[in-house]
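The values are calculated or read from the model by the stated rules, or taken from the named source; none is laboratory data. In this text, all values refer to a predicted model and were calculated from it rather than measured experimentally. Note that each Cβ is placed from the backbone with ideal geometry, even for glycine, and that neighbours are counted across all protein chains shown. For the accessible areas, the whole protein counts, side chains as well, though only heavy atoms, and no ligand, DNA or RNA atoms are used. Shrake-Rupley method; radii C 1.70, N 1.55, O 1.52, S 1.80 Å.
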Amino acid sequence: MSNYHIKHLEEYFQVYRKSVRNPESYWEEIAEEHFMWHKRWDNVLSYDFDKPEFKWFEGAKLNITENCIDRHLRTRGDKTAILFEPNDPKEKAVHITYNELHDRVCKMANVLKSQGIKKGDRVCIYLPMIPELAVSVLACARIGAIHSVVFAGFSSTALATRINDSDCKMVITSDGSFRGSKTIDLKGIVDEGLKKCDCVEHVLVVKRINSDIKLQEGRDKWLQPLLDNAEAFCDPEIMDAEDPLFILYTSGSTGTPKGMVHTTAGYMVYSAFTFKNVFQYREDDVYWCTADIGWITGHSYIVYGPLANGATTVMFEGVPSYPDYGRFWEIVEKHKVTQFYTAPTAIRALGKEKLEYVEKYDLSSLKVLGTVGEPINEEAWHWYDENIGKRNCPIVDTWWQTETGGIMISPIPYSTPAIPTFATLPLPGIQPALMDEEGKEIKGNQVDGRLCIKFPWPSMARTIWGNHQRYKDTYFSAFKNMYFTGDGALRDSVGYYRITGRVDDVVIVSGHNLGTAPIEDAINEHPAVAESAIVGYPHDVKGNALYGYVILKETGESRNQDNLRKEINQLISDRIGPIAKLDKIQFTSGLPKTRSGKIMRRILRKIASNDTSNLGDTSTLLNPEIVQEVMDNVIK
Ligand code: 6R9
């Protein structure tokens, strides 16, 4: 076993060395071999970290939808491109072939044109996870309109902010959405949001839940009748390599959301290339990423990356808990899913439930498992490995960001031996660096620092929409000639990277730098603990002390809390050292989370610091109601 891996790991190192010795020729070869171009590039890469400006494949002409659809029609026309699994298991799954996808995207593109949308216009897409979402994204790309997908869990205020920031001319939405046993009035949210937007001329409405909604005369139209009259052929707009493809908003640690701008050629090459390698995709595989297309993971690894490879990509409308906690595993069995990509928060939530939900289903089709979005704790990693992968599927812990466009650090199945909590090694072409606070690079192994990338890669975001200065300040000013990720990382003795969390999550206790993620890992090993979050709060003597928020499993709820506190601190002491012990431990039924499942530590920090006068906007949280509960039970 280990020989097998080592042999291939050597191969990885060979490729990696070649890729960083001459990145231009490395990417040029990939771009040449695997994609369809109307005109070749004049220059593979030009860049300037000071401006900052990055151009890949400048001078090339292409359309990404020809690469994702048209070129597959001859060989894979009848293959399923998108496999749609509805919220309700009783509703039939829908197989959309590449031929059908071509027709649907062309019709949609013609509808957009008929409503006055042209190359360069911004179109906001606010839809649930139904095929029309992927089709709308691709239809924009077909005609060169810039899509801005807003996750359909965001509030009307959050939606309006994003629409206004990029001056969207159109919104594509639905009458509503199904989410587990609930329905959500999406059109109502759009109507409310649009009261604050003057830029939107048209709203196209998909009928999904058959609810009774009002169409505003002159502004709103049902989509289906327009599609019925549209032609199933639409010439692709020929785009420049550096034309914007989409805007996707990501929240900063302060201020308004940042509209990250991704451009066409580099994004295409990188998302397709990483998809193929990280998931080891083979022609007959059925790949499923459980993210929402409202996030970068859905853009790169539900839509563009898989389709550019001619893959079958599953789109799931529902939630992991409906009709019960076996829903994911039922879908894996039903569609014989081969690659499964999800978030640690989902793994932890499902790991809390009875194993029977997993054991009922045949998961033997699975070959590769992936995680993304936050550090995965050791216990969750092992649960995933044992119960889902049956110790037979490599797990890829993929580190990347909205800003990076694609996976940056990740094991490659069968090449990189995985170690829980390590994203392991940089993908070819990616040159990470760890920096100290004085701005010097920390060389060698067994070190930790701020994670930067010191050479451009094709899918990096090129700017923040309407605010290039903020792009420069946020990502290129902390360290010279580097992209700063905002994350901390350590490099172990063999060069593996472990992401230790956002650097703003580092707490300095009595002069010791403590990452919150490893402490949470230790706590989560306790059999009674389901999930935890650690923050720092000001302390007279130590500078900062640690405050822990802990969610117990059902089995832990009847236990004596003081005993539990002692056991938790003992575990931390054992795993990390007494320095990392928590001064205060609050048991809670939930933690405030963003819609993408990330814990909002900013709020927890304020509560722990007794500074609740200005918690900021909590309305975009997944569970805003939990904030009051956490405040009521705070330990003073
Ligand atoms: C793809 C995505 C980016 C931030 C990133 C980091 C955290 C993502 C991770 C991870 C540890 C991983 N993150 N993947 N941390 N291990 N495998 O999630 O993009 O929503 O922009 O978040 O998420 O902190 O900086 P985005």
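Looking at region 74-90, which of its residues are free of Cβ contacts under 8 Å to residues at least 60 places away in the same chain and open to solvent by 10 Å² or more (accessible area, probe 1.4 Å)?
ARG74, ASP78, LYS90
For the subset of region 585-600 comprising residues that are among the basic types (Lys, Arg) and under 13 Å from GLU531 (Cβ atoms), which member is least open to solvent (accessible area, probe 1.4 Å)?
Result: LYS593.
How about region 267-298: which of its residues are part of a loop (DSSP other than H, G, I, E, B) and either touching a Phe, Trp or Tyr at 6+ places or on another chain (Cβ under 8 Å) or away from the ligand (no atom under 16 Å from the Cβ) (or both)?
PHE279, GLN280, TYR281, ARG282, GLU283, ASP284, ASP285, THR290, ALA291, ASP292, GLY294, TRP295
Among the candidates TRP41, TRP56, TRP27, single out the residue that is in contact with a helix residue (DSSP H, G or I) (Cβ under 6 Å, 6 or more places away or on another chain) and either open to solvent by 70 Å² or more (accessible area, probe 1.4 Å) or in the same structural domain as LEU427 (by the TED database) (or both).
Matching residue, one of TRP41, TRP56, TRP27: TRP56.
Return yes or no: is ASP70 open to solvent by less than 60 Å² (accessible area, probe 1.4 Å), acidic (Asp, Glu) and at negative phi?
The answer is yes for ASP70.
Return the residues of region 558-584 that are over 18 Å from ALA533 (Cβ atoms), out of contact with any His (no Cβ under 8 Å at 6 or more places or on another chain) and not small (Gly, Ala, Ser); say none if nothing qualifies.
ARG559, ASN560, ASP562, ASN563, LYS566, GLN570, ASP574, PRO578 - these are the residues of region 558-584 that are over 18 Å from ALA533 (Cβ atoms), out of contact with any His (no Cβ under 8 Å at 6 or more places or on another chain) and not small (Gly, Ala, Ser).
Within region 372-403, restricting attention to residues that are of a type in the set (S, T, N, Q) and buried (at least 23 other Cβ atoms within 10 Å of the Cβ), which residue is farthest from the ligand (Cβ to nearest atom)?
In this case the residue turns out to be ASN377.
Within region 444-488, take every residue that is open to solvent by 10 Å² or more (accessible area, probe 1.4 Å), over 24 Å from PHE57 (Cβ atoms) and of a type in the set (A, V, I, L, M, F, W, C) and give me the one that is farthest from the ligand (Cβ to nearest atom).
If we take residues in region 444-488 being open to solvent by 10 Å² or more (accessible area, probe 1.4 Å), over 24 Å from PHE57 (Cβ atoms) and of a type in the set (A, V, I, L, M, F, W, C), then VAL447 is farthest from the ligand (Cβ to nearest atom).
Between residues in region 335-362 that are touching a residue at least 24 places away in the same chain (Cβ under 8 Å) and residues that are open to solvent by 60 Å² or more (accessible area, probe 1.4 Å) and of a type outside the set (A, V, I, L, M), which pairs lie under 7 Å by C-beta distance while being six or more apart or on different chains?
Filtered contacts from region 335-362: THR338/LYS367; GLN339/LYS367; LEU350/TYR325; GLU353/TYR325; TYR357/TYR325; TYR361/GLU333; ASP362/GLU333.
Could you list all residues from region 350-371 that are open to solvent by 20 Å² or more (accessible area, probe 1.4 Å) and within 25 Å of ILE576 (Cα to Cα)?
Selection gives GLY351, LYS352.
Take the residues of region 545-578 that are open to solvent by 50 Å² or more (accessible area, probe 1.4 Å) and touching a Pro at 6+ places or on another chain (Cβ under 9 Å): which is farthest from LYS606 (Cα to Cα)?
Filtering first and then ranking leaves THR555.
Tell me, yes or no, whether region 243-266 has at least one residue that is assigned to a loop (DSSP other than H, G, I, E, B) and modelled with pLDDT of 95 or more.
Among the residues of region 243-266, at least one is assigned to a loop (DSSP other than H, G, I, E, B) and modelled with pLDDT of 95 or more, which makes the answer yes.
For region 300-307, state whether one or more residues are in contact (Cβ under 8 Å) with a residue 24 or more places away in the chain, away from the ligand (no atom under 16 Å from the Cβ) and either surrounded by fewer than 23 Cβ atoms within 10 Å (Cβ to Cβ) or within 30 Å of LEU133 (Cα to Cα) (or both).
The answer is yes, given that some residue of region 300-307 is in contact (Cβ under 8 Å) with a residue 24 or more places away in the chain, away from the ligand (no atom under 16 Å from the Cβ) and either surrounded by fewer than 23 Cβ atoms within 10 Å (Cβ to Cβ) or within 30 Å of LEU133 (Cα to Cα) (or both).
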